[in-house]
Structure formats: C-alpha cells, structure tokens
Amino acid sequence: MESRIPSYPTVRAHSQALASPSSSTNTMMISAMLPEDVSASTFIPISTFEYNDAAAPLVSTYIDRIRPLLDAIDKLRHLNVMKEGIELPTIVVVGDQSSGKSSVLESLSGINLPRGQGICTRVPLIMRLQDHPTPDPELYLEYQGKVVHTNETLVAKDISTCTDDIAGNKKEISDTPLTLVVKKRGVPDLTMVDLPGITRVPVHGQPQDIYEQISGIIMEYIQPQDSIILNVLSAAVDFPTCESIRMSRMVDPTGERTLAVVTKSDKAPEGLLHKVTADDVSIGLGYVCVRNRIGDESYEEARKEEAKLFQTHPLLSEIDKSIVGIPNLAEKLVQIQANSIARCLPDIVVKINEKLNLNMSELKKMPPHLSSATDALMAFMGILGSAKESMMKIFIRGEFDEYPDEDEMHCTARMAEMLNEFSEELQLKWENKDSSKAFLMEEIGALKEAIRIGLPNFLPRSAFLTILRRSLGEISNIPVEFVHKVWKYIENVVLLVLMHHFENYPQLQSSIRRAAQNLIAKMKEQSLDRVMENLEMEKLTDYTCNPEYMSSWRHLMSQEETFMTRVLKNSYCLDLDLGGLDRRVEIGHLRQHMGMVQQAFDLRMRMTAYWKIVHQRLVDSLGLHLPYTVKNLVYKGIDREIANDEFMGPHGGGLERMLEESPSVATKREQLNRSIKVLREAEEVVAGITDQIAAYSFLDAPNTSGQIARIVLTDPVAADDNSIDLVDSRIRDRNHLTFEGGETVIGTWECADRMREMRDE
C-alpha cells in the first residue's frame, strides 16, 4: 500500500469534530484534496468516502471575505448603473446552441433551468447565486420592476413564463434582462449573465435574423473590458470552429479575460487532453473540463460520477486534476470574480462620483421652475443680460473665455481678418483694372474728351474725375459684398449666443431669432447706405488734405524725364514704379500720341497717388463704422428689440410661454433627477466598502489542485494505525490543519495523533 502513495502536492485541509447524531461517539471530518492516482476506495477501509453535498459548499469560507464586494456589485447592477455609462465586472456565459451551457449553470446553482428544442434562453438571464446558511432555499425572479417568488420545483417553469412576458410567447428574443436570485446552501457566491445560445439557422419559428439579434446581445455584454467571458465548449467539436470562440476573440484577442468550460467530456474523451493543453484558441484564463449531469441524476450523484470519471477513465485521468470538475470551476469563477471586482471597484467609485457631479452641475444649469409672471420677467431679463454680456465680450472687448476653442466666435479677430481681406481685394482690383489695356491709353482718351478752348498745357480736372469715377465704378461691388459678408457673420454669431443662452426655453427661440434677424437687417441696411454714400462722395470730389498725396505724386513724377527720353528714343518697353508696383510697360505705341503723352503720364501718376488716399478712406471708414454699429447693436439695440417683440409686438405672450416648460426641458430635468437619485444610491452602496477595497485586492484564492471531497471517519474505533498514517500522508505537506469544531490549529504532523485520540475517545 505504501508504494501506491505518491508525493502529494500542497493541499488545503480542514478537520472538524462532529457529534454523531446516533451516539455520543465523535466523528471526525477532514476536507482534503485527493491525490491524482488514489481512488476513493483507498480510504474506504477506514472511513466512508462522500462527495460534497448541499451541506458542504463548493467553495470554502474564502467567500465570506468577498461577500461585501459581491453584494455591492449586485446592488449596483440592480440600480442599473450601466445605463449611466458605468461598467460593472460581469461573468458573461456564452456558447453555441446545445454546447451544454444550461447543464453547467445547473451544476453550479443546483437548480433546474428550462430545457427544450431551439433556444431555451431568450433573454439575458442574470443568475445571482448566494450561499445560504439555512437548509431551505430561497428563489425569486426580478424583471421590469416585478418580483416572482418561486421554488426549486417550479423555477424552470417560472423562468419560461417570465421570459414569455418579456420577449413574447413565440421564439423572439429580447435584450431586457431577467434576474434569478438563488439563495441556497452550498452554492458558490457568483453573479453570472447567461446569454442566448448562438445559432445561425432559424428553426422552430425563430426569426430569420436570429443570428444577428443574438450576436448583437452577446457583443453588447462581452465588449466591456471589465466583462469576464465564460465560453462553454462541447468536447465533441473543434474549438477553433466554434462561433462563440470567434466572437470572444473579436473583443478579447489575447484571451486574458476568457475562461473556457469544456462540457460532455465523457462523450468525446479522445484528444481532449491535447485540446486543453495546446490551447489553439488563446484561452488566457485556462480551461475546466466537466461532465454533464445525465438523466435524473441528483447533483450530488452527478458530482460523484464526475470525480470518478476523471480519476478512473484511461484518457481523462491524464488531465490535471486542477482543471476538472464543477467544484474547480466554481473556485476559479469565484477567484476570477473577486479579483475582477477588487480591481474595478476603485474606478467604479471614481466614475460614480464624476457622473454624479456632472449631472448635478447640469441640473443647476437647468432653468428654474417659474410660477408667476414676475418670476418669468426676472428670468427673461437675466438671461437677456447674460447674452448681452457675452456679446460685449466677443464683439467689443475681444474676450473669448466662453468660447476658447471655437475660432469662429473670436469676433474681433475674425472681423479684423475680413477687413484686411477687403483691403487686399480692393488693391488687387485696382492693380489689375487696366492690365488688358495699352499703357496710358485710358488717360489719353480722357484728355481728348476734355479738350476745350483755352490755354495749352493745363491738366483738365474733368479728365481726372472721369478716370476716378470709372475706377470707383469698377470696384464699387467689393465694399457692398464685404458689408453683406460681415453682417452675415455677425448675424450667425448673435444667433448662436442667443440660442445658447435661451436653450432651455425653446418656446421663445423662434421669436428671439426673428427679432434679432430683423434688427440686424436694419443695421445692415445702414451699413450699405454708408458704403454707397462714401462711394458717391469719392466720385463727386477729388480732395484730400493728406500730405502723402503730394509726396507720393512727386516721387512718381521723378520718373517722367526717363520715361519721355525712352519714348523719344523709340524704346518699346520700360520698367516703372506705379505706386509701389514695379511693372514693365510697353511704350512703343505712345509715339503716335506725342502731343498728349506727357500730360497722360502726369494724369496717371496723380491718379496712382490719389488712389492710395481713396483706398485708405474706404477701408478706414468701414473699419470705424462696423465696430461702432456693432456696439450700438449690443448696447442699445438687441435687448430692446427682443423685449419689444416678446412683450409688446404682434406675437407677444413671451412671459406666458416661459411659464410653460417645454417637453424637452421637462424630460431632461426628469432624466437628470432620476440619474442623480440612482447615482446617490450607488454612492451609498460603495461608500460602505471603500475603505476595504485595498484589502480585497490581496485576497488569496482557494487552492484548486485536486478534487475537494469529504472523508468521514464513521467508525473511528475501527481505524488502524496504518490507515491513519495513510490519511496523514495525504495532508502532510500543509503547514497546519484546522479542527474547526474546536477552533484548534495543530501541525500536520499531529494529525495522526489527533485521529488516534478521537478513535480512542
């Protein structure tokens, strides 16, 4: 016998002194890890070998340390904080149809779930499993504000009934969740979301787009980075071809948050060891192989058969015992869930606080409830005053703190740019106005028409005015277009500011927009009148007191001698300075008009010098006029125009409309209040565990090497020393052994002595 006892790895062992129900004889129970190559029969000579039943939880008392975390997350999930954009760590169960998903969940929960043809799970089923101290289980369903109490006998039927209520009594599916709470002794403390099984071909009256519907629901749940994907795979299929694997790899390509459960191991044992060790599909959290419950087996019987299968089957017994069996699956899930929750909770707390502060800030910005005309008038004038102040900032003072990243709202800068563009366009138009004409021919033509009886060599003023008026006529459209452009810009900005300040009163926006547009149209007409008046004044009189005109003319005329010499010498071209523009001009044609060339040159230079003055006056005039007009618009016009239109105009009724809160504002206020209520409750939920979060981050997971079982010394007196030593060797590698009944911790080397003491008592 000693040769059959291998060196046993680290195990977790608990010993408990129990009172025998039939006598005063003490019974000792040791929860230990069975070695891989020792079957249950090895212990039968000294004890009764039993598998964990409902009185022995799948997971150790380790759960008690994370229960507050699980409760907090479940409360947050019940509050539906996901709708507030706050992701919760969730174990999401996915699998192809008929992969054995329901069997796995039944084994974990110890209850029967709906079975049948086609899709059994048609809505997301949130399963909340809680270890219950009393022998009587408590089960109930929650959905759409309803609570349905049920029991182990009726739970499958009640789940189907509730599903029909949510998704209809046909084969449709829905993304509205159904919560099943199972409080039962021995179940692991887990919260999982079971999703519909994946199917591509609709059958039994299923919708034609059933695959797309199911895929959409699955992707919604597995996409968040805090979701743990429990991928249920049948041992009989090739893992890389599973649709559930394809979906999980889309959102978790490295598999770092995917755990695979391989079902039906007894049906397809060939090659299973290679599948779970080769890991061709990148399952980062590993595999657990299980056996499905068959027929009318009880859950205790199924677990016993499962343990025997993986211990005795020639192929399945080769698989590492730490990755087989429902108990190991439960322990892995509990460990993964606890680590995920502990990791995510600090961020969840931060997000709850941020979202709560944001919503409270938004609510403060909402318009107050107005109960009287006086309240409405005060609110209206206050909003109008705020809008006026905003316009003063951006139009007059050049302050952009309200719109730091919106360049179009930086009005002083944009209007200066438009004025510079206007000046450049005027100059370019002047410079190109006679590019297609022969040099000085326009001036010669004007001189010919201005000839009159009188002394020669006098430059006719009428010729100058003729050319001046013709030139102004050619550029007159540019100032007009500029005025239209700049007032269009002003209108857009004014409306944006007004609509922003009155965004909570959409019932007033149309009339406010109309009043603002009417006022701006009037002021634009004033600007157009001003421009046209300036142009007419320039056409009427050639006058300036600016000394720059004479200095510029003298500079230009300094080229006259060179010019005349080149004309007389029959030159064909000459480089001239035409008012800051160096240009090569052809002069060969001028020899035919020698009597007027010198006067024409003088006339051209006078016009060039005077254009600088005209150009400057046109630009300066608009540069002064526009800021002044905009100031009048903001300081004097806009509030009076809007107030008159709202309260005294033909439309009127502004105060009455303000008292009628718009549906959009009422809906927004209701949504914010509801959200704040949820977030405050969520804040209270996490407040109780905030100080403990750091401690939970260092939870030790229960040991998972081997199959947890119970060894009960039903007849300690019959246990001989060899048998006791055999049990002692199984747990010798542990540093301590806990006798929970007596709250005693003793060294493992004392285990045999303790067993002998109990035997001899």
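Computed quantities for the displayed model
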quantity: Candidates P240, P196, P224 - the one that is within 13 Å of Q97 (Cβ to Cβ), out of contact with any Cys (no Cβ under 7 Å at 6 or more places or on another chain) and modelled with pLDDT of 85 or more; calculated: P196
quantity: Matching residues, the range 428-458, being surrounded by fewer than 15 Cβ atoms within 10 Å (Cβ to Cβ), touching a residue at least 60 places away in the same chain (Cβ under 8 Å) and under 16 Å from R606 (Cα atoms); calculated: M441, N457
quantity: Unmet requirement for P346, which otherwise passes all of (1) within 29 Å of the chain's Cα centre (by Cα); (2) surrounded by 15 or more Cβ atoms within 10 Å (Cβ to Cβ); calculated: (2)
quantity: Set L419, L358, L377, L384: member being within 32 Å of the chain's Cα centre (by Cα) and part of a helix (DSSP H, G or I); calculated: L358
quantity: Within the range 75-94, tally of residues that are among the β-branched types (V, I, T) and in a loop (DSSP other than H, G, I, E, B); calculated: 1
quantity: Of all residues making up the range 439-457, the number that are part of a loop (DSSP other than H, G, I, E, B) and within 27 Å of C573 (Cα to Cα); calculated: 3
quantity: Selected residue [at pLDDT below 90, at negative phi and among the small types (G, A, S)] from S390, S372; calculated: S372
quantity: Condition met for R414 (among the basic types (K, R), modelled with pLDDT of 90 or more and either in contact with a helix residue (DSSP H, G or I) (Cβ under 9 Å, 6 or more places away or on another chain) or part of a helix (DSSP H, G or I) (or both)); calculated: yes
quantity: Test result for N359, polar (S, T, N, Q), free of Cβ contacts under 8 Å to residues at least 12 places away in the same chain and surrounded by 12 or more Cβ atoms within 10 Å (Cβ to Cβ); calculated: no
quantity: Condition met for D434 (charged (D, E, K, R) and in contact with a helix residue (DSSP H, G or I) (Cβ under 7 Å, 6 or more places away or on another chain)); calculated: yes
quantity: Qualifying residue in the range 402-411 (condition: assigned to a helix (DSSP H, G or I), aliphatic (A, V, I, L, M) and surrounded by fewer than 18 Cβ atoms within 10 Å (Cβ to Cβ)); calculated: no
quantity: Test: residue in the range 373-380 that is closer than 18 Å to N292 by Cα and either without any contact (Cβ under 8 Å) to a residue 12 or more places away in the chain or of a type in the set (S, T, Y) (or both); calculated: no
quantity: Whichever residue in the range 124-156 is surrounded by fewer than 16 Cβ atoms within 10 Å (Cβ to Cβ) and touching a residue at least 24 places away in the same chain (Cβ under 8 Å) and, among such residues, is nearest to L79 (Cα to Cα); calculated: Q144
quantity: Condition check for D252: at pLDDT 90 or above, in the same structural domain as E318 (by TED's automatic domain parsing) and of a type in the set (D, E); calculated: yes
quantity: Residue check, L574 in contact with an Asp or Glu (Cβ under 9 Å, 6 or more places away or on another chain), free of Cβ contacts under 8 Å to residues at least 24 places away in the same chain and outside the structural domain of K488 (by TED's automatic domain parsing); calculated: yes
quantity: Matching entry among T544, T562 (being of a type in the set (S, T, Y) and in contact with a Leu (Cβ under 9 Å, 6 or more places away or on another chain)); calculated: T562
quantity: Residue tally, condition in contact (Cβ under 8 Å) with a residue 60 or more places away in the chain and surrounded by fewer than 15 Cβ atoms within 10 Å (Cβ to Cβ), over the range 474-488; calculated: 1
quantity: Where G688 falls short, out of the listed (1) over 30 Å from P346 (Cα atoms); (2) at pLDDT 55 or above; calculated: (1)
quantity: The range 672-687 residues that are free of Cβ contacts under 8 Å to residues at least 40 places away in the same chain and outside the structural domain of D74 (by TED's automatic domain parsing), paired with ones that are of a type in the set (A, V, I, L, M) and part of a helix (DSSP H, G or I) (beta carbon under 9 Å, 6 or more apart); calculated: A687/V349
quantity: Members of the range 387-397 found to be within 35 Å of the chain's Cα centre (by Cα) and not acidic (D, E), listed by number; calculated: A387, S390, M391, K393, I394
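This table checks each residue for (1) more than 58 Å from the chain's Cα centre (by Cα); (2) assigned by TED's automatic domain parsing to the domain that holds L498; (3) aliphatic (A, V, I, L, M); (4) crowded, with 18+ Cβ neighbours inside 10 Å.
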{"position": "S552", "(1), (2), (3), (4)": "yes, no, no, yes"}
{"position": "T562", "(1), (2), (3), (4)": "yes, no, no, no"}
{"position": "K569", "(1), (2), (3), (4)": "yes, no, no, no"}
{"position": "V597", "(1), (2), (3), (4)": "yes, no, yes, yes"}
{"position": "G623", "(1), (2), (3), (4)": "no, yes, no, no"}
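Yes or no, residue by residue, for (1) closer than 24 Å to Y140 by Cα; (2) under 25 Å from the mean Cα position of the chain (by Cα):
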residue	(1), (2)
S174	yes, yes
P177	yes, yes
L180	yes, no
K183	yes, no
P202	no, no
Q206	no, no
Q213	no, yes
I218	no, yes
P224	no, yes
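The values are calculated or read from the model by the stated rules, or taken from the named source; none is laboratory data. Just so it is clear, the structure is predicted and the values come from calculations on it, not from any experiment. Quick reminder, even Gly has a Cβ in these numbers, built from the backbone with ideal geometry, and neighbours come from all protein chains shown.
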